[in-house]
Structure formats: structure tokens, C-alpha cells
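The structure under discussion appears below in the form of C-alpha cells.
The values are calculated or read from the model by the stated rules, or taken from the named source; none is laboratory data. On a predicted model such as this, the values are computed, not experimentally measured, just so you know. We place every Cβ from the backbone using ideal geometry, glycine too, and count neighbours over all the protein chains shown.
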Amino acid sequence: MLMQRTRVGAKMDENNVQIQTQASVCSDSNGEDTHKNDESASADRRICLIGDLAKDGKLKTVAESFVVPVVRSRDGQEYMDDVSCCTYYVIDTFDGDVYSRLCKSRQIVLGPPALQQLAQKEKKELPDNTRPLFNVAMRGVVVCFTGFRNKDELTKLVPLIHHMGGSIRRDMTAKVTHLIANSTGGSKYQYAVTFKLPVMNLQWVLDSWEHRYELDFNATHDAFVNKYRLKPFHGARVCFLGFAEDEERHMTEVLLSNGGTVTDLSDPNCTHVVVDEGSVAERPDVAAPLAYVVKAEWFWTSVQKECSLDEKEYLFDDYIEHTVVTPGVRRDSHVTTPSSASRRKRKRIHETLQSLVQPTQPPALPKRRSSVGDAGLLSVSGSFLDCTASPAEKVIADGSEPSKESPRKNLTARHTVFLELVQTESNYVQILDTIITLFKNYLESMPEEDVLLNNTELNLIFGKIPSIYEIHLKMLDELLWTSGHWNEERCVGNIITRYSTELQRAYPPFINYFEEMKEVLTKCDQSKPRFHAFLKAMQTKPECGRQSLQELMIRPVQRLGSISLLLNDILKNTPKTNPDHAALEQALAALREVMTHINEDKRKAEGQVILFNIFNDIDNCPADIVSSHRSYITKVEVIQLSSSEGLAVKGTNLVMFLFTDQLEVCKKKSKSFTKSPSAGSYQMVNRASTKPYKHIRMMALNTIKRVIDIKETEECQKVFSLVCRSTEESKEKLYSFAMADEDADKVGFLKVLTRTMANNVCCADADKFMAFLEPQQLDIDTSDLSNGTLSKAFKFAKTRLKVGRTFSFNKSTPSKLKRAVSSMMSPFGSSTNLTPSSQLANMKLASYSNINELGNNSENAEEAQPVAPMSVQPTRKMKTSSLGVNSLKRL
């Protein structure tokens, strides 16, 4: 049977509370009877252990700790008529014939847990009451009931509360500590909600009794109480009306998780109809005469506060206006008379006729909350810049009080656009005020036990808004003054210019961390149901224009661009002879500078975030990689092909992070396959679950002397080399790499690398850092290439397997390269592919022992590029097969 949300009558409550069972006797207001005997009898006490408890030595020791005589009995019958001594009967179960006889003779009955719990107290005292006490799990608890129509339920609950040391009141008073309810609503429920008393369901008592043998159990422990709190919509049958399909589905899930049941308008037992007042203009016809018709705000606020709020505070607007209180119906039940619909119809017809006889006024909109569809009506031009109504939305030319008859006609185009600037600025300020008032201040002022967000989350979401709000509030004051004292010579541009410096300080902190703010807001919305309900409830308020907090928070990102567009429109309609023309140009320039600064500041902030992320991803990364003068450029994944010392072994998967002044080389940590001992199957396990890279070397860009682009062949693809020379060493080293990604743009990366190298040394010509060589010029063994081993390297890189001799030099190469690289200068050359002889001349690798021979070879190169002299090295001889020359000497 459905439990209706009605109060239990006072007479019924009194009868329920005064139910007497063989296990409980209620004779005074405190639920306790004082055992009164003559003076001599009250001074003499004894403890009687009944039945099997007489054999329990531990319990006997506990009883003796009260320093009273301890006796044993099969059923205690021999002590019942002895009035010379007050006897406490300890029995192990509160049922059966023995227990019934003791209760009928009004004896003091204790359970073993109660005796032991009383003995644990510092002051050991036996209780002076005749109510059976099994334990003290509810000692100090004062309970009141509401919503129970079934007497059998109360007959079961009342004695259990007494047996655990609790007491009961008929009415809600200051002494009541807990309300046990079978449904939400009613005066007792609202009293408990107002004074934040725990509202419990009946299962709290039943489960507490299940723990009756546990000496350390306390029914009032916070964790246990929270588990059995009555859900906000317990016993409610709710119908949703006017919501979008997705929103209704979401609200249904929330309703079910909070104890409610979904129904429809035809259900005679419906208790609530929750309507979307933005799409429902008329009171729905509900089959249940006592059903509340409430706004969505009631639903979401109840979820947020975890209790069913008073419906009279959230009644549907049209329902309130056209309802009457019918005699004989309880006061909080509203019934619409049959004539109310006709009155509303006549009123609408009258309003329509009034609008027709006043052609200067726009037709009256239906009375409902403004929605996104009405956004265009909030600005003069119909633009979708702002969507929230503002107290200053009716700004007129002469600055007087707004009136209903203030048509904007006979205005100049300049004045019209200025009024739109004022209008949108007023709306924007109101949006900021809404964010601060409805959200920020409310969340910050919540009591500690009800907080929805911690201080860190509040600061990350709302911390940057107040400074922006203060600046625009001052700007709005000046714009409103200008609007009230308008003439065509008024300078609008000076107002914007005056605040440009403050705007430049206030906006970057918000813009820079806007994405992080959104991420925190989304995470809190998804992980905190009460905060989600709060956002939903606030979204229904007129001040928010039915927009979510995320939609409102994006307005500061858009506002400066909107002001710039409006100023540009004003400038187009301002003659050059007007003094405001120059002021507007200056204002636009100031705004562009502000937005440029914001963009640059955002770029730097994002760069610093990237640096921190890279630092956190690299194991043993140097701490100085994070620097204010350093910016991240790009990264590339490569496979090392050479076996030069200083980096890694041949075939290693590397990742290069290019910065403005450094090249960080890391090893990409591989994943290994381990065998599961239980299932016998192999599973992929990441050796470093937190950091995917391992630091190898950070190379300053000024130590990279040349970038060599190896000519693409059918089997030699995406290969390049770096000629490096550190300040600590006197010889060059050659590192060769192949890009691990087949789709990678090698030419693009090398151009970015050389341009960054040129910028690092303030050089305009980036091409001089690039050289182009054939594979044979570095004596690459093409036998491996013919077997397609480079393609195998790509394949192995994808499977994270170590590459063997994929793309290598021949057996004699290491010794020759050692001589060649140490002897040659960094290869300067043109940006185009040259023949070997001209390439060598233009690279100016070294000087021949015969200077004239160098000159003769240089003549074969057309337009050789000059290069800076390098340090002198001893003359070394090389084989012709090495680089195609007989002997090289450093200049």
C-alpha cells in the first residue's frame, strides 16, 4: 500500500507511542519508571543470573564488580516476592516464559551486554528503572515518529528502542535527537530538516538490534547513522513534465537512487509533478488532488541538501497565481477551481488586445522564464553576445528612469551601437555578479559540515573572477553616465583606453588557466552528486538564463572580442571630425595590445605547463629543463642507427624533445611480457608505470654543428645525422637516426631544427646549418639497405623490439669514421644537393696539405658559400674510400 505524504494525527501518534507490550512499559514522560521502595529496601541490591548465565564465570566476575551480592536462579521465581532487596535479573534473551513473567511482575531486567557495558564505565551504577534493558547502544537517543499508519510497525520498533536505552516522545521538542519517518513531508519532517536533526528510516532500529551483542556498538555513530538516513524522495511518486528526453532520463535515475518512484499524471497516488517552467506555461491536469506541482529547482535542491524541502517554497508560478484554498481541505493543499482556466484565457486575450492597440510596443511574450531562444531579445541588435537579463537592461538616451514607453527611434547609428555596447556590458556585469553571488559566495559561506567544494577547488574555479568583475563594474558606471548625458561629441574610446592597463592585468590569469578551470569544474560535477545537484538547481534560476555554470564561465573569454567589434562599429559611424574618432582608434589599438598580451601570456603559460609535463614524464630528467627562458618546440621519435658513444646502443628507440635552446634525448621505455603465474598466460607489463621516458642526454643546440639530410633512396628513407661537438671534447661525433614513424615529416622537422638552431645563435641564414649527403659519402654499407632492413626497423620499432644491424656502417667504418669525423669540419654546404666533389669543396671539410690543390677543387664548385674558420687540428690521412679525398688537415 502506498504511503501518502500526510501527517499522522496527533491522536494516532499518541496511541502509537503508548503501545504497551510485554517487553515495554511506558508510564512517565521520560519513558522510565523510578523503582520506589522503602528506604531500607532501596539501599539493598543484588544481581540474579538466570538460567545458563549462572554458569558463566566471566559474567559473574563482572556482576561482582558492582560490589553487590550475586545469586543464581533457574527462573528467578524465588526472589520476585522479596521486597526487602532490589533484584536485577540478568537474562540472555528477551523472549520466552521466564522473560514474560519478569516483565509482568515489573522486575528490573538486564541483558548480559548491558551489565558488561555498565561495568566498563568509570562510575559503575545499576539503573533505577523497570524497563528491560538489553544494552545501551541507544542511550541518550530521544526518538519521535512520523508517517506511520501501520500500528504493527510501531509495536515492533518501540520496545526495541527501549531495550537499547532510548526513549520516545510524541511531539517534536528540543529534547528529540532523531526522527524516524516512513515518508518525507509533514510538520515533524520539516522541523527536523530545519534544525538538522537526523531523519532515519525504520531499518536503523532493526539493524541496530542485530548488533545487540556487540559491546562496542553505538547506534549514533556517524557512519552508521548516515547509512540509514531517510532518502530525500522516500515514498514519493513523481511525474516529470516538459523536460527534454535526455534530461528526463537523467532526473529519473537521480529520483530512483534517492528513494522515489516515477509515475505519470494519470496516477491517483501521484505526490509530486516536477515541471520545467521554461517550456510549460499552463498548470497540468493532475489526477491526484493532493499532488504538489513544483519547479525543477525543488527537485535538484532537495538532492543537494539530501532532504525533501518544503514544497510551498517551490510551487509552480502559474499554479500559485490561479489557485484558491478550498474550505475543508488541509491548508497546504491547493486545488484549482474550474473557473481559473477561463480567467487565464480572458487575461491572455486582454493582453493581446492591449499589444495590438500599442504598435510601438513588441508583442508580449508568454510569462515564463527566459530561455536560450530569447537571447536575441536581450540586445539591441539581436546579437547573441549575452543571454542574461540585467538590472540596467533598459538604458535610455537621456539617462532618466526607464519607462515602458521609451522606443529607440530617431537615434543616430553611432548612438544605437553605443547603446548596444552599454546593454551588452550591463548584461556581462550581471553575469559576473551572478557567478560571484549565486555560486562563489554561496559555496564559500556554506557550513563546514555541508561544504560541496574544498578551498582549493573553489579557488581554481572562481579565484580569477572578482578582479575582472570589479574592472567592468567601474567601466559600466562610466558608460551609464555617458549614456545619461549623451551627445555626439562624447568620447567613448577614452573610457576603454582608461581601463586597458587594468584589463591587461586581470584577464591573463583567467584565460591562461581556463582549460584547467573547466577540467576541475567538470571533474567535480561528475564525481560529487550534491555539487551536481547544486549546479542543476542554480541553472533553473532566472538569473542564470537557464545556462549552466560552464556556459557562464566562458563569457570572460569572449568579452574583449565583443567589445572590440562594437567599438569598431561605433568607429565606422563616427566622422573623422568627431573628437571621439581618434579616441576610438586609440581604444581599439589598446584593446588589440591587451589581447595580444593575453595571447602571448597564455602561450607562455601553456609552454611552462608543457615543460612541467615533460619533466614529469622523463625519469632522471635534469631539473633545469624547466626554465622561464625556454620553450618547447616539437618532438620526434627515432631509432639510433650509429654506434657512436654518448647516446645509446644501435637500434635503440629514442625520443627527441626540441626546445628553443636544447635538444633533450630520451630513451623510450619498453614494455615487457611477463607470464602470469596463475593463468599461465603472458601479459604486457609496463616497467615504469608512471614515467614513459628515461633521460639520456641534454644537448645544447650550439653544440650541434651540422644537420645532415641523407638523400632518400628506395631503401634508405627518413634518415638524418647530427654532427655534434661539445665544449669538453676536441672532436666531432656523428649520430645517425631513422624516424620511427613512417608518416613523419623528416624535411619539416629538419627545417624546424635548423631554424631553431639559427634563432639560438641569432643567425638569419638557417640553411647554412644544413648539409645534404648521399649514403655512400658516409660510407654506408648498402648491402643492408638492399635487403630492406630499414623497413624492418620501422616494423620492429612498432612492436617495440630491439633493432639489430638494421642500417649500419661496414666493418671498417668505425675506425674510419673516428678518423674522418675527428678530422673533418662541420659540413657547411648549400641547401641543394651537390655532386660529391663540389659538395666537399663547399662543405670546406678541411684544407689539403697543398693549399693550391684546395683552390683548384674549389674552382669546381659554383658560388661556394664562405664559412667561419674553425680551430686547427693535426693533419690526418684517410683512405679514398672514406670520404673521397686523400688527406685532410684542419684549418
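I want to confirm something. Restricting to the stretch 586-629 and keeping residues that are surrounded by 16 or more Cβ atoms within 10 Å (Cβ to Cβ) and not in a helix (DSSP H, G or I), which single residue is farthest from the chain's Cα centre (by Cα)?
By that ranking, first place goes to 621.
So residue 116 fits all but one of (1) under 22 Å from residue 54 (Cβ atoms); (2) over 48 Å from the mean Cα position of the chain (by Cα); (3) assigned to a loop (DSSP other than H, G, I, E, B); what number is the exception?
The failed condition is (3).
Given the structure, is residue 580 of a type in the set (D, E, K, R), touching a residue at least 40 places away in the same chain (Cβ under 8 Å) and part of a helix (DSSP H, G or I)? Let's see the steps before the verdict.
Values: of a type in the set (D, E, K, R): yes; touching a residue at least 40 places away in the same chain (Cβ under 8 Å): yes; part of a helix (DSSP H, G or I): yes.
Considered against the rule, which asks whether it is of a type in the set (D, E, K, R), touching a residue at least 40 places away in the same chain (Cβ under 8 Å) and part of a helix (DSSP H, G or I), residue 580 comes out as yes.
Out of all the residues in the stretch 466-495, which are part of a loop (DSSP other than H, G, I, E, B) and exposed (fewer than 14 other Cβ atoms within 10 Å of the Cβ)? Give the steps one after another, and end with the answer.
Keep residues of the stretch 466-495 that are part of a loop (DSSP other than H, G, I, E, B), which gives 485-492.
Within the stretch 466-495, 485, 487, 488, 489 qualify.
Name every residue in the stretch 742-755 that is within 14 Å of residue 639 (Cα to Cα) and either modelled with pLDDT under 85 or not in a loop (DSSP other than H, G, I, E, B) (or both), in order of residue number. Give the derivation first.
Step one: filter the stretch 742-755 for residues within 14 Å of residue 639 (Cα to Cα), giving 742, 744, 746.
Selection gives 742, 746.
Taking residue 516 as the residue in question, decide whether it is in the same structural domain as residue 560 (by TED's automatic domain parsing), at pLDDT below 95, more than 22 Å from residue 412 (Cβ to Cβ) and of a type in the set (Asp, Glu). Talk me through it step by step, then tell me what you get.
Working: in the same structural domain as residue 560 (by TED's automatic domain parsing): yes; at pLDDT below 95: yes; more than 22 Å from residue 412 (Cβ to Cβ): yes; of a type in the set (Asp, Glu): yes.
So residue 516 passes the test.
Report whether or not residue 134 is modelled with pLDDT of 90 or more and not aliphatic (A, V, I, L, M).
So residue 134 passes the test.
Considering only the stretch 443-453, I want to know if a residue exists there that is closer than 22 Å to residue 504 by Cβ, part of a helix (DSSP H, G or I) and either among the basic types (Lys, Arg) or out of contact with any Gly (no Cβ under 6 Å at 6 or more places or on another chain) (or both).
No; the residues of the stretch 443-453 include none that is closer than 22 Å to residue 504 by Cβ, part of a helix (DSSP H, G or I) and either among the basic types (Lys, Arg) or out of contact with any Gly (no Cβ under 6 Å at 6 or more places or on another chain) (or both).
What's the number of the only condition in (1) modelled with pLDDT of 90 or more; (2) in a helix (DSSP H, G or I) that residue 574 fails to meet?
Result: residue 574 passes all but (2).
Is it fair to say residue 62 is assigned to a loop (DSSP other than H, G, I, E, B), in contact (Cβ under 8 Å) with a residue 12 or more places away in the chain and aliphatic (A, V, I, L, M)? Quick ask: steps written out before the conclusion?
On the way: assigned to a loop (DSSP other than H, G, I, E, B): no; in contact (Cβ under 8 Å) with a residue 12 or more places away in the chain: yes; aliphatic (A, V, I, L, M): yes.
So residue 62 does not fit the description; no.
Taking only pairs six or more apart or across chains, which ones have beta-carbon atoms under 6 Å, a first residue in the stretch 708-729 that is farther than 19 Å from residue 637 by Cα, and a second residue that is of a type in the set (A, V, I, L, M) and modelled with pLDDT under 85?
715/785; 715/790
For the stretch 756-781, which positions are of a type in the set (Val, Ile, Thr), surrounded by 17 or more Cβ atoms within 10 Å (Cβ to Cβ) and modelled with pLDDT under 85?
Of the residues in the stretch 756-781, the ones of a type in the set (Val, Ile, Thr) are 756, 761, 780.
This time we only want the ones that are surrounded by 17 or more Cβ atoms within 10 Å (Cβ to Cβ), so: 756, 780.
Once the filter is applied, which keeps residues that are of a type in the set (Val, Ile, Thr), surrounded by 17 or more Cβ atoms within 10 Å (Cβ to Cβ) and modelled with pLDDT under 85, the stretch 756-781 yields only 780.
So residue 131 fits all but one of (1) among the basic types (Lys, Arg); (2) touching a residue at least 24 places away in the same chain (Cβ under 8 Å); (3) part of a loop (DSSP other than H, G, I, E, B); (4) farther than 23 Å from residue 100 by Cα; what number is the exception?
Condition (4) is where residue 131 drops out.
Go through 147, 166, 185 for me and flag whichever is farther than 29 Å from residue 111 by Cα and in contact with a strand residue (DSSP E or B) (Cβ under 7 Å, 6 or more places away or on another chain). Walk me through how you get there before you give the answer.
Details: 166 fails: farther than 29 Å from residue 111 by Cα; 185 fails: in contact with a strand residue (DSSP E or B) (Cβ under 7 Å, 6 or more places away or on another chain).
Step by step, each of 147, 166, 185 is checked, and only 147 is farther than 29 Å from residue 111 by Cα and in contact with a strand residue (DSSP E or B) (Cβ under 7 Å, 6 or more places away or on another chain).
For the stretch 126-133, check the following and say yes or no: at least one residue is under 26 Å from residue 220 (Cα atoms), acidic (Asp, Glu) and not assigned by TED's automatic domain parsing to the domain that holds residue 185.
Just the residues of the stretch 126-133 that are under 26 Å from residue 220 (Cα atoms), to begin with: 126-133.
Next cut, acidic (Asp, Glu) only: 128.
Checking which are not assigned by TED's automatic domain parsing to the domain that holds residue 185 leaves us with 128.
Yes, there is a match, as at least one residue in the stretch 126-133 is under 26 Å from residue 220 (Cα atoms), acidic (Asp, Glu) and not assigned by TED's automatic domain parsing to the domain that holds residue 185.
Quick check on residue 243: is it among the aromatic types (Phe, Trp, Tyr), farther than 25 Å from residue 546 by Cβ and not in a helix (DSSP H, G or I)?
Details: among the aromatic types (Phe, Trp, Tyr): yes; farther than 25 Å from residue 546 by Cβ: no; not in a helix (DSSP H, G or I): yes.
It is false that residue 243 is among the aromatic types (Phe, Trp, Tyr), farther than 25 Å from residue 546 by Cβ and not in a helix (DSSP H, G or I).
Pick from the stretch 38-54 the residues that are in a helix (DSSP H, G or I) and modelled with pLDDT under 85: which of them is surrounded by the fewest Cβ atoms within 10 Å (Cβ to Cβ)?
Filtering the stretch 38-54 for residues in a helix (DSSP H, G or I) gives 39-43, 51-54.
Narrowing the set further to residues that are modelled with pLDDT under 85 leaves 39-43, 54.
Details: 39: 6, 40: 9, 41: 15, 42: 13, 43: 10, 54: 17.
Per the stated criteria, the residue is 39.
Report, by residue number, each residue of the stretch 263-277 that is crowded, with 16+ Cβ neighbours inside 10 Å and either assigned to a helix (DSSP H, G or I) or of a type outside the set (S, T, N, Q) (or both).
If we filter the stretch 263-277 for residues that are crowded, with 16+ Cβ neighbours inside 10 Å, which is where we start, we get 263, 267, 270-277.
Listed by number, the residues that qualify are 267, 270, 272, 273, 274, 275, 276, 277.
Residue by residue, here is whether (1) among the hydroxyl-bearing types (Ser, Thr, Tyr); (2) touching a residue at least 60 places away in the same chain (Cβ under 8 Å); (3) assigned to a helix (DSSP H, G or I); (4) surrounded by fewer than 20 Cβ atoms within 10 Å (Cβ to Cβ) holds:
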residue	(1), (2), (3), (4)
497	yes, yes, yes, yes
519	no, no, yes, yes
525	no, no, yes, yes
533	no, yes, yes, no
537	no, yes, yes, no
543	no, yes, yes, yes
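Could you give me the residue pairs with C-beta distances under 6 Å whose first residue belongs to the stretch 424-450 and is closer than 16 Å to residue 556 by Cα, whose second residue is small (Gly, Ala, Ser) and at pLDDT below 95 wherever it lies, and which are 6+ apart or on separate chains?
Listed by first residue and then by second, the contacts come to 424/379; 426/390; 426/392; 427/390; 430/390.
Between residues in the stretch 469-492 that are closer than 18 Å to residue 437 by Cα and outside the structural domain of residue 577 (by TED's automatic domain parsing) and residues that are outside any helix (DSSP H, G or I) and at pLDDT below 95, which pairs lie under 6 Å by C-beta distance while being six or more apart or on different chains?
Short answer, once both residue conditions are applied: none.
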